Amino acid sequence: MQVVVVGAGFGGIASAALLAKRGAHVKVVERLSTPGGRARTTAIEGFKFDMGPSWYLMPEVFERFFNELGYSVSQFYEITKLKPSFRLKVNGASLDVPPGDELFSTVEHVERGAGETMREYLEMTKYMYDVSLSKFLYREFQSFVDFLDPQVIREARRLNLFTSLNYLNSKYFKSDLLRKLTGFSAVFLGGDPYSVPGMYAMVNYPVLGQGVFYPRGGFGRVVESMVEAGRKLGVEFQFDTEVTGVLTDDQRVKALQTSKGRIEGDVFLFNADYVHAESLLPERYRNFGASYWDSKVLAPSAVLGYVGIKGELDVPHHNVIVNGDWGEHFKSIREGKWPRTESTSYYVSVRSRSDPSVCPEGNEALFFLIPISPGLRGREEEMVKWAVRNFLGKREVSFIRIFGPRDFWNDYRSYKGTAFGLAHTLSQTASLRPPMKNKKLRNVYYVGQYTHPGVGVPMVAIAAHVVSQRILADLKK
Ligand SMILES: Cc1cc2nc3c(=O)[nH]c(=O)nc-3n(C[C@H](O)[C@H](O)[C@H](O)COP(=O)(O)OP(=O)(O)OC[C@H]3O[C@@H](n4cnc5c(N)ncnc54)[C@H](O)[C@@H]3O)c2cc1C
């Protein structure tokens, strides 16, 4: 059986390796010249950057992925727990968030009684996280009925399905700093704490309960490792090849049309952005039309800045900076407007603090991320330069390279330049996310951050597990 995967993002690479392990011949076709998609790497003036993900969370998901291939993570790369996990700055108030039990005494200094409350909060989020891993994440939801698991119905309230993350957090914590500490993780889900359901507080278990890890060599090394594992199992990669259309026959795709000629196969798995992937199919075979996508809540786009500076900084690896009213920033994202700089929050990764090998000695490599509404154009440079000044003050900068919504389209063919795909609202969860199987073409599937379970590298690795199981089960039929 020949499987052709379109796109070498995490979803494509991981699915390819899993299918090859089960005996399929797999070819991955990628338009860019390197693997990783949003997680690829770049080098600027001797500084190395991971272009997208930097928070390595849910390590057991990576371990399970490599175990399914017959390997373990440690055969490819080493992970270390960061201390502090990250720094949160809210309008000048600063909190270095430690991993482990030290977190309880740290938050007690912020709010009286918060140590004990945090313990309870993390017990609750651990419960949600464990239920999610064992019941929801690793399975496909083909219809809403599948979602009506007896445990979910029984415990809908305990799982906080019908409240917002913000509402849930405000029942536990009074201080602004701790509400923000337990709210910012909504951004990992392509949303905000006001619209993301309370059950996604489960993400706070990996962030605050398990701790944040650094994979030695960065996410670039994680990508390379998955590619290496895939190659050992026989996966073939073809880069610099853009898929431009498909040839169909009797409700099946027979071949892909690409910039380098035709590629035939038995099964076609699209890891390219869902909307773009569907645009490659004849209209009558698409799962959804334009009105469906217009009705969806997209996750934000982002303006990114890759920055090099001379001299060392006294900051941790991960820095979350909240400026002014973050409600106003989230509102600007929902309303399709640029945020006012007075109310612009952003994230900075200073990877060179954990890994000095990423830049020349005595320098620092910084990555800035400002979430913005998809589809915006025009103020990318101004926003990044503002954030750089806000974070670094008058310090001299060696270079700033900017990446914005237009680049998300140019490089990844991303719908409206969204960075994170579809937001995780209740109506875009489980069976309500776009399906992994084309409804009209018998041999076409989809995998990536648009499908269940959603946004983030571990989620996409889980999606790869789910779709490869589905493909194998369909073939058995
Ligand atoms: C800035 C940023 C920061 C992030 N931070 C984190 C983080 O800290 N931790 C975390 O876990 N997650 C993070 N994420 C999310 C995570 O990176 C993504 O959810 C995940 O990498 C998406 O993988 P994917 O396989 O769905 O898609 P992609 O990575 O987009 O891969 C799709 C691939 O398809 C290719 N393609 C598209 N069209 C075609 C075509 N016509 N022909 C051939 N190939 C095509 C693209 O070039 C691309 O390589 C971040 C994302 C971004 C953008």
Going through region 249-278 one residue at a time, which ones are away from the ligand (no atom under 11 Å from the Cβ) and either outside the structural domain of Ala17 (by TED's automatic domain parsing) or surrounded by fewer than 18 Cβ atoms within 10 Å (Cβ to Cβ) (or both)? Asp249, Asp250, Gln251, Arg252, Lys254, Ala255, Gly261, Arg262, Glu264, Asp266
Residue ID - surrounded by the fewest Cβ atoms within 10 Å (Cβ to Cβ), chosen from residues in region 1-27 that are more than 7 Å from the ligand (Cβ to nearest atom) and part of a loop (DSSP other than H, G, I, E, B): Gly23
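Identify, from the list Val384, Val348, the residue that is under 21 Å from Val303 (Cβ atoms), touching a residue at least 24 places away in the same chain (Cβ under 8 Å) and in a helix (DSSP H, G or I).
Working: Val348 fails: in a helix (DSSP H, G or I).
Criteria check complete, one pass: Val384.
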Which of the residues spanning region 194-242 are assigned by TED's automatic domain parsing to the domain that holds Tyr129, surrounded by 20 or more Cβ atoms within 10 Å (Cβ to Cβ) and over 29 Å from Leu366 (Cβ atoms)? Pro197, Gly198, Met199, Ala201, Met202
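So if I check each of Ser94, Ser105, Ser134, which one is of a type in the set (Ser, Thr, Tyr) and not in a helix (DSSP H, G or I)? Show your work before the answer.
On the way: Ser105 fails: not in a helix (DSSP H, G or I); Ser134 fails: not in a helix (DSSP H, G or I).
The match here is Ser94.
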Check Lys260, Lys337, Lys310, Lys254 and return the single one that is within 22 Å of His424 (Cα to Cα), modelled with pLDDT of 95 or more and touching a Ser or Thr at 6+ places or on another chain (Cβ under 9 Å). Lys337
Enumerate the pairs (first residue in region 28-40 and part of a loop (DSSP other than H, G, I, E, B); second residue anywhere and acidic (Asp, Glu) and within 6 Å of the ligand (Cβ to nearest atom)) with beta-carbon separation below 6 Å, excluding pairs fewer than 6 apart on the same chain, so at least 6 apart or on different chains. Arg31/Glu242
Given (1) farther than 30 Å from Tyr205 by Cα; (2) within 16 Å of the ligand (Cβ to nearest atom), number of the condition Arg64 does not satisfy: (1)
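The values are calculated or read from the model by the stated rules, or taken from the named source; none is laboratory data. Everything quoted here is computed from the prediction, not taken from an experiment. Neighbour counts run over all protein chains shown; Cβ positions are idealised from the backbone, glycine included.
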